[in-house]
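Trainee: My questions all concern the structure below.
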Amino acid sequence: MLDGLVQLADAVAHFAAWSTPFNVLWATLLGIVIGALPGLTATMGVALMTTLTYRMAPDQAILILICMYVGAIYGGSRSAILLNIPGTPANAATSLDGHPLAQTGRAGYAMGLATSASALGTIVGLLCLAVFAPMLAEFALDFGSFEFFWLAVFGVVISGQMTSLEDPLKGYIAGFLGLLVAMIGQEGIHAHARFSFGVADLTGGIGLIPALVGAFGFAEILTVMKNRRAELTASHVDRVLPRTADLWRYKRTVGRSGLVGTFVGVIPGVGEDIGAWVSYAAARRASKEKEQFGKGSMEGLMAAETGNSAAVPGALIPVLTLAIPGSAPAAVLLAAMFIHGVRPGPLIMFEAPEFVFRVVAMLLFATIAITVLGLAITRVLLLVLRVPREKLMPVVFVLCVIGPYAITNRLFDVYVMLVFGVIGFALREMKYPMAPLVLGIILGDILDKNLRRSLVLTDGDLGPFFLRPISMVLWVTTALIILFSIPAVKAAAGRLAARIRGRGD
Amino acid sequence: MRPHSLIRADLVTAAVLLSLGLFVVAEAWRMPRLEERQINPLTVPGIVPGLLGLVLVAMASVLLIRSIRAGGLRSRSDTEEAAGEGDGSSWRRLGLTAALCLAYAAGLVGHVDFRLATGLFVFAFVALFEWNPGQSLIRHGRTVGWAAVQAALVALAVAVVFQELFLVRLP
């Protein structure tokens, strides 16, 4: 415990430079603005910023990206409350109670509560990160090729399931499409160029950043321009600073939502939006004022915002310890870490233990920044939401063109962005989730290398794939998830459970 | 109950995915086995894409069967047809956005000076979307004028900020 605090103090001291507060403030503010503007998501913001900061010193670049991530997830609560449109998908649950509060003239107070909840959620999450990341990294040292293969399969399946609860098949399809995208280009064992069809640019594979800028930037621009224009609910704001009594009253909700959000964040490729929904559902189940949920409940608003913000540090836990992202923006952060020469994974506590605590410090700075900015510049952000989309979207698209080009200086990456934008828009219109696709692109290489390595190790014997203890847990869980997503099986299990309950009574 | 348009879209997507899956399997099968390098046959490059292709074929088949069972092959009724039309203006906005963005990114960028390309794109985007046919001539002039001002500002600002501040090379 004391050792952890010392390491955290060291990490904070590491950032003792004038550039730190400057970068923290502008990056968090930009993140809040990006999150607040419907159509601009955290994933797009972090992806674009990765391309623009890759010439900076690694620590400052990753600090900027984390501030952008935390700021964007929090910033989305503004439009959820004021426009009834979640600024990012993570704030969908926030609009359920935030918007009714705004309609009753309490927009300012709702924004203040959302700010406090986001800050508290991030703190719970970063504490969990500091405590559990070293433990998970140690546990992950037992992972061999078999386990990493199953972890990749499990990640795609659980992400597909949780981000598309109504129709898991579409989630799985999105995930496997991502895995197939990762197969394009030279493979990592024999350097054979797969699916390149003689095109030199395809030999290098599809870059994650251009694909993400397309799927989350260009696709969002198309969606925003297709939809109707949103109306601001409040033109002025009431008291913003939350009362201590209100925060104290919901301490249990904050604690529960923080832990639930962090846990959901840890699950590969699931992320903040599901973190918010699960926290919201848990808070409603436990609440004494259930009937208020959806009608302007402060507790509901706090649960949603605590849940999505706690999922941010949660999503970074597997990034640091397994090199597997917990959410789509975390996938970009993982790519950014590789670009900057940081090698996350099970060995991180041996190779660079200080980096884990530096990430905790970065999250702490971002939390302070969202609290200060969120409570201080409410009125300025109202003006930002008044910028017409017709003026904003062309500027965003210009950034979407510059971003992919910035890293490799290839027009090919601009075309990749366009193709993924159009495909992403079409898939989204047909209710396919994007997060499993992103996760698939990241996990494709891991799955490919580890499956082939394992087959060599066992000389084709499939036994160890199924019999090693951690592998067994992973494949059995994966199989159960798929099995219970089949409607007939789910219905049969429901009937069986009802019969058992009936006998018990 | 899913709307008929979504079921039909699922049917078409399933057919596309099925074709894609079969194509991937065929390509994976045709990939070199690298016998001349005497590699372990269990590490041939086509093994993982082939397996992924097979999984995609299986999932696309389930989607296809599900869509057919849900009535994806039936034609829509008149009421569904009317409901499916939706808001024509939203599709017009979508078409215009896509056309402008593709013309800029695939047509202008890389072939014309980036500042000029960006200025033209922003001007066309703002002017076309803010153009209201019912407005007076003065209003039209104001719309076009402001679009030109924004285009010039964005083109210049982007060039300065990204080249000088972020040291990024522009296309």
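Trainee: So what's the gap between the Cα centers of the stretch A:355-407 and the stretch A:27-59, to the nearest angstrom?
Mentor: Using only Cα atoms to place each centre, the spacing works out to 6 Å.
Trainee: Evaluate the charge dipole of the protein assembly as shown about its Cα centre and quote only its size in Debye, nearest 20, assuming +1 on the Cβ of each Lys and Arg and -1 on the Cβ of each Asp and Glu.
Mentor: Dipole about the Cα centre, nearest 20: 1560 debye.
Trainee: What angle, in degrees between 0 and 90 and rounded to the nearest 10, separates the Cα long axis of helix B:88-102 from the longest principal axis of the Cα atoms of chain B?
Mentor: So the inclination is approximately 90 degrees.
Trainee: Also: Only protein chains counted, 1.4 angstrom probe. Which residues of the stretch B:35-58 are at least 50 Å² less accessible in the assembly than when their chain is isolated?
Mentor: B:L42, B:T43, B:P45, B:V48, B:L52
Trainee: Once the other residues with Cβ under 13 Å from the Cβ of A:G460 are scored (Lys, Arg +1; Asp, Glu -1), what is the net sum?
Mentor: It works out to a net charge of 0.
Trainee: Run down the lysines and flag those whose C-alpha is under 18 Å from the C-alpha of A:K490, throwing out any fewer than 8 positions away in its chain.
Mentor: A:K170
Trainee: If one takes the accessible area of chain A alone plus chain B alone and subtracts that of the pair, with a 1.4 Å probe, what total in Å², rounded to the nearest 100, results?
Mentor: Interface area, both chains combined: 5300 Å², rounded to the nearest 100.
Trainee: So, one more: Taking a ≥ b ≥ c as the square roots of the eigenvalues of the Cα gyration tensor of the stretch A:2-497, is the shape rounded (a/c under 1.5), prolate (a/b larger than b/c) or oblate?
Mentor: The shape class here is rounded.
Trainee: Could I have the simple spin-label model distance between B:I39 and A:A9, label points 7 Å from Cα toward Cβ, reported in nm to one decimal?
Mentor: 5.4 nm
Trainee: For helix B:137-160, report the angle its Cα long axis makes with the longest principal axis of the Cα atoms of chain B; keep it between 0 and 90° and round to the nearest 10°.
Mentor: For helix B:137-160, the angle is close to 60 degrees.
Trainee: Rounded to the nearest 0.05, what FRET efficiency is calculated for B:F166 and A:R503 with R0 set to 51 Å and r the Cβ-Cβ distance?
Mentor: For R0 = 51 Å, the calculated efficiency reads 0.15.
Trainee: Need the full-extension length gain, A:D246 to A:E166, defined as separation in residues times 0.36 nm minus the C-alpha distance. One decimal, nm.
Mentor: 25.3 nm
Trainee: Expected output is a single nm value to one decimal: the length gained when fully extending between A:R228 and A:V384, i.e. 0.36 nm times separation in residues minus the C-alpha distance. What is it?
Mentor: 54.3 nm
Trainee: So how far apart, in nm, are the two label points at B:L54 and A:L457 if each is 7 Å from Cα heading toward Cβ?
Mentor: 2.2 nm
Trainee: Same structure again: Given the options A:A245, A:V356, A:V438, identify the residue whose Cα lies farthest towards the positive end of the charge dipole of the stretch A:2-497 (+1 on Cβ of Lys, Arg; -1 on Cβ of Asp, Glu).
Mentor: The residue sitting farthest along the positive end of the dipole is A:A245.
Trainee: Using label points projected 7 Å from each Cα along Cα→Cβ, tell me how many nm separate B:L116 and A:A286, to one decimal.
Mentor: Distance between the two pseudo-spin positions: 6.3 nm.
Trainee: Another one. Which FRET efficiency value, to the nearest 0.05, do you get for A:I189 and A:A57 by plugging their Cβ-Cβ distance into 1/(1 + (r/R0)^6) with R0 = 45 Å?
Mentor: 0.85
Trainee: How much of the accessible area of the stretch B:4-85, in percent, comes from carbon and sulfur atoms when a 1.4 Å probe is used?
Mentor: On the stretch B:4-85, the fraction of accessible area on carbon and sulfur atoms equals 64 percent.
Trainee: Once R0 is set to 56 Å, what does the formula 1/(1 + (r/R0)^6) return for the Cβ-Cβ distance between A:A17 and A:A479, expressed as a FRET efficiency to the nearest 0.05?
Mentor: 0.65
Trainee: Could I ask something else about it? Along the charge dipole of the stretch B:88-165, pointing to its positive end and built from +1/-1 on Cβ of Lys, Arg, Asp and Glu, which listed residue (B:W131, B:H111, B:A159) has its Cα farthest out?
Mentor: Going by the Cα projections, it comes out as B:W131.
Trainee: Please give every one of the aspartates and glutamates within straight-line cross-link reach of A:K391, meaning a C-alpha to C-alpha distance under 12 Å, and leave out same-chain neighbours fewer than 8 residues apart.
Mentor: B:E130
Trainee: So for B:W29, B:W131, what's the accessible-area order with a 1.4 Å probe, most first?
Mentor: B:W29, B:W131
Trainee: For the protein assembly as shown, report the accessible area per residue in Å² (1.4 Å probe, heavy atoms, rounded to an integer).
Mentor: Per residue, the protein assembly as shown has an accessible area of 42 Å².
The values are calculated or read from the model by the stated rules, or taken from the named source; none is laboratory data. Fair warning: this is a prediction, and the values are worked out from it, not measured in the lab. FYI the Cβ positions are ideal-geometry reconstructions off the backbone, even for glycines, and counts take in every protein chain you see. These area figures cover heavy atoms from the full protein model, side chains too; ligands, DNA and RNA do not enter into them. Shrake-Rupley method; radii C 1.70, N 1.55, O 1.52, S 1.80 Å.
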